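Structure first, then comments.
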Amino acid sequence: MTTLRFEHVGGEASLRSLQDWRHVHNTIIPAHLLSLDDVRERAGRNRLEVAYLDDVLIGCSTVRPPTDDPATDAPAAATVIARVLAAHRGRGFGGEMYERGLKHARTLGAEVIETVVLSSNPDGLRFALKHGFAETERYLLPGDTVPWIDLRLSD
């Protein structure tokens, strides 16, 4: 398998990596378009990366750090999302991006791994199910017409 090159988006990230992460996100999630300022804000609280094969943009990933709810005994849950542009799917890139995000989430202390997929992305849902996730909830955000699907990695 060909190895991808990853660039971290955040801190001193190049404008190109910010734009590329935004492009992938907005292409795959057109119902929630983000500005560059939105991406910068997300990069301040999450780990964002873009993936390239040579200089060709393949996809992007997000790792939301684990959260603890002191009011419950729920384990610390992190969210790992891998997005691959349609032209590059089915070649193992999503798996490589996902494994990288999963490893990072676990180094942050995640006890539970979750992901979220827009229901209009059947490739993303198939990918999550194939990688051991089980659906936990479907919901609409205010003003949305396409449901989101929350999934949790099965033990």
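The values are calculated or read from the model by the stated rules, or taken from the named source; none is laboratory data. Just so it is clear, the model here is predicted, and its values are computed rather than measured. Ideal geometry is used to build each Cβ from the backbone, glycine not excepted, and the neighbour counts take in all protein chains shown. SASA here: full protein model, heavy atoms, side chains in, ligands and nucleic acids out. Shrake-Rupley method; radii C 1.70, N 1.55, O 1.52, S 1.80 Å.
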**Item:** Principal axes of the stretch 83-136: Cα extent on each, largest first, Å
**Value:** 33, 24, 15
**Request:** State the percentage of accessible surface on the stretch 86-155 attributable to carbon and sulfur atoms; use a 1.4 Å probe and exclude ligands, DNA and RNA.
**Result:** 52
**Message:** Along the Cα→Cβ direction, 7 angstrom out, place labels at residue 107 and residue 74. What is the inter-label distance in nm?
**Reply:** 2.6
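Mean residue ellipticity at 222 nm from the helices of the chain, using -39,500 (n - 2.57) per DSSP H segment of n ≥ 4 over the full residue count, to the nearest 500 deg cm²/dmol?
-9500 deg cm²/dmol
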**Asked** Accessible area per residue of the chain at 1.4 Å probe, in Å²?
**Response** 55
**Request:** At 1.4 Å probe size, with no ligands or nucleic acids counted, give the accessible surface of residue 127 in Å², nearest ten.
**Result:** 60
**Request:** Find the Cα radius of gyration of the chain, compare it with 2.2 N^0.38 Å by division, and give the number to two decimals.
**Result:** 1.01
**Item:** Mean separation of Cα contacts under 8 Å (6+ apart) over length of the chain, as relative contact order %
**Value:** 17
**Prompt:** What FRET efficiency, computed as 1/(1 + (r/R0)^6) with R0 = 22 Å and r the Cβ-Cβ distance, is obtained for residue 150 and residue 23, rounded to the nearest 0.05?
**Reply:** 0.30
